[in-house]
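Just below is one structure, and these are the notes that go with it.
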Amino acid sequence: DQGATWTPGPTIDSTNALSTEDGVLLGNSLAVAYVTTANNIKFASFLWDPGSGTWSANSVQTVFASSAQTAVNPCLGRDSAGNVWVAFASTDTAGNNTIRMMVRPAGTSQWTDTGLTFGDTGTATVDGSERSARPMKIPGGMGMVYTVGEDLYWASRSDSSALGDPWTSQLLYTHTGGGNDPYASHFSVADDASGNLHLATVDGGELLYLHYDAGSATWSQRILAGSGIQANYPQVTIVGNTLVVAANVKTNAGVFISPDLGQTFTYSYSLQHGTVGPGITFKTPRLETAASSTSPVLLFQQYYDNGAQRLLEYAIPIGDGDAFPR
């Protein structure tokens with residue numbers, strides 16, 4: 001019912017407060033890659049029954065497990081050939097950190113190490129050497145946005161290439177504003193029906209928009225808002241032919257809407273969390289939206305309430321109407 005009511009769904013075993021995850025919804029099937037308490041990566045699938053309105057667990061597979069490596073930040077994507085890709089950051093016992101890639105070939109249940117690494121190898125600390133990656137389907141192939149410290153990269157491959165062939169890579173942007181986040185996840189990317197990609201990232205509080213044109217296989221970029229908004233967690237959502245970009249505006253959130261998929265933007269909504277009581281803080285709150293949505297778009301804002309983490313839900317209509325908190 002578009003976020004009006006919520007009920008508990010299935011749980012995922014062997015996770016904790018340090019686990020990270022990513023999911024892709026295809027029809028009534030939800031695929032999830034996640035990190036376990038043993039620092040391994042698992043893949044689980046769930047089926048949605050629209051009749052009963054419930055989820056059920058379908059299968060669980062091991063994507064990556066190593067006594068000599070720990071893994072974080074798995075992100076998954078599925079190409080048009082049916083191959084499933086999982087990229088993640090891996091750290092060995094010496095503290096060396098790099099981005100690795102696993103693949104499950106179409107029609108199989110076996111996960112294979114491609115042997116590929118992306119970016120240089122550094123030390124996994126919170127001094128700007130963090131890594132994060134997100135595979136994305138593009139027409140005729142697979143792409144991936146990934147970060148190595150302050151650098152944002154784009155890599156791509158053709159569906160006709162062997163699964164272990166190197167991807168073509170290019171530098172998209174170098175952040176200059178600094179940062180101190182152990183997950184280096186301060187970008188969001190979504191694809192539209194034509195295979196174009198829409199990416200938002202932040203640099204020193206500025207909100208940046210990068211556009212991948214599938215026809216020319218080229219990127220362009222622009223600044224959506226200056227550093228005065230103190231952006232931290234941008235989110236991108238596609239609603240039909242409308243692009244929605246949300247980001248922090250200091251401790252609140254702002255919403256930019258583009259009715260022409262990135263050609264023009266309007267600052268459409270200022271989302272206010274209201275009066276903050278004792279023990280409640282909205283300092284640099286994380287924001288989350290779905291990559292693909294109908295109207296209204298649901299936006300969740302993280303905040304702390306006397307030591308407990310909570311979520312404030314906003315419903316953002318795309319078209320006429322007003323955004324409101326729930």
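The values are calculated or read from the model by the stated rules, or taken from the named source; none is laboratory data. Just so it is clear, the model here is predicted, and its values are computed rather than measured. Note that we place each Cβ from the backbone using ideal geometry, even for glycine, and neighbour counts take in every protein chain shown. Keep in mind that these areas ignore ligands, DNA and RNA; they rest on the heavy atoms of the full protein, side chains included. Shrake-Rupley method; radii C 1.70, N 1.55, O 1.52, S 1.80 Å.
Being open to solvent by 50 Å² or more (accessible area, probe 1.4 Å), closer than 18 Å to Gly195 by Cα and part of a loop (DSSP other than H, G, I, E, B) narrows it down to one of Ser109, Ser160, so name that one.
Step by step, each of Ser109, Ser160 is checked, and only Ser160 is open to solvent by 50 Å² or more (accessible area, probe 1.4 Å), closer than 18 Å to Gly195 by Cα and part of a loop (DSSP other than H, G, I, E, B).
Could you list, ordered by first residue, the pairs with Cβ atoms under 6 Å in which the first is in the range 240-265 and on the phi > 0 side of the Ramachandran plot and the second is assigned to a strand (DSSP E or B) and buried (at least 21 other Cβ atoms within 10 Å of the Cβ), at least 6 apart or interchain?
Leu261/Leu243; Gly262/His198; Gly262/Leu243
Report, ordered by the first and then the second residue, all pairs with beta carbons closer than 7 Å, sequence separation of six or more or different chains, a first member in the range 284-296 that is closer than 21 Å to Ser270 by Cβ, and a second member that is among the hydroxyl-bearing types (Ser, Thr, Tyr) and surrounded by fewer than 18 Cβ atoms within 10 Å (Cβ to Cβ).
Pro285/Thr251
Say whether the condition of being open to solvent by 50 Å² or more (accessible area, probe 1.4 Å) and among the hydroxyl-bearing types (Ser, Thr, Tyr) is met by at least one residue in the range 83-92.
For the range 83-92, residues open to solvent by 50 Å² or more (accessible area, probe 1.4 Å) and among the hydroxyl-bearing types (Ser, Thr, Tyr): absent.
Residues checked against (1) in contact with a strand residue (DSSP E or B) (Cβ under 9 Å, 6 or more places away or on another chain); (2) touching a residue at least 12 places away in the same chain (Cβ under 8 Å):
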residue: Gly3; (1), (2): yes, yes
residue: Pro8; (1), (2): no, no
residue: Ser19; (1), (2): yes, yes
residue: Ser29; (1), (2): yes, yes
residue: Val32; (1), (2): yes, yes
residue: Phe43; (1), (2): yes, yes
residue: Phe46; (1), (2): yes, yes
residue: Pro50; (1), (2): no, yes
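Counting residues that are open to solvent by 30 Å² or more (accessible area, probe 1.4 Å) and closer than 14 Å to Leu224 by Cβ, which strands (runs of 3 or more DSSP E) fully inside the range 242-292 reach at least 1?
242-249, 266-271
Do any residues in the range 211-226 that are in a strand (DSSP E or B) have Cβ atoms under 6 Å from those of residues that are loosely packed, with under 15 Cβ neighbours inside 10 Å and not charged (D, E, K, R), where the two are at least six apart or on different chains, and which pairs are they?
Note: pairs meeting the criteria are His211/Ser220.
Name the strands (runs of 3 or more DSSP E) wholly inside the range 1-85 in which the number of residues that are modelled with pLDDT of 90 or more and under 18 Å from the mean Cα position of the chain (by Cα) is 1 or more.
Correct list: 21-26, 29-35, 41-49, 69-78.
In the range 310-320, is there at least one residue being within 22 Å of the chain's Cα centre (by Cα) and among the acidic types (Asp, Glu)?
The answer is yes; a qualifying residue exists.
For the range 1-45, which positions are among the β-branched types (Val, Ile, Thr) and loosely packed, with under 11 Cβ neighbours inside 10 Å?
Listed by number, the residues that qualify are Thr5, Thr7, Thr11.
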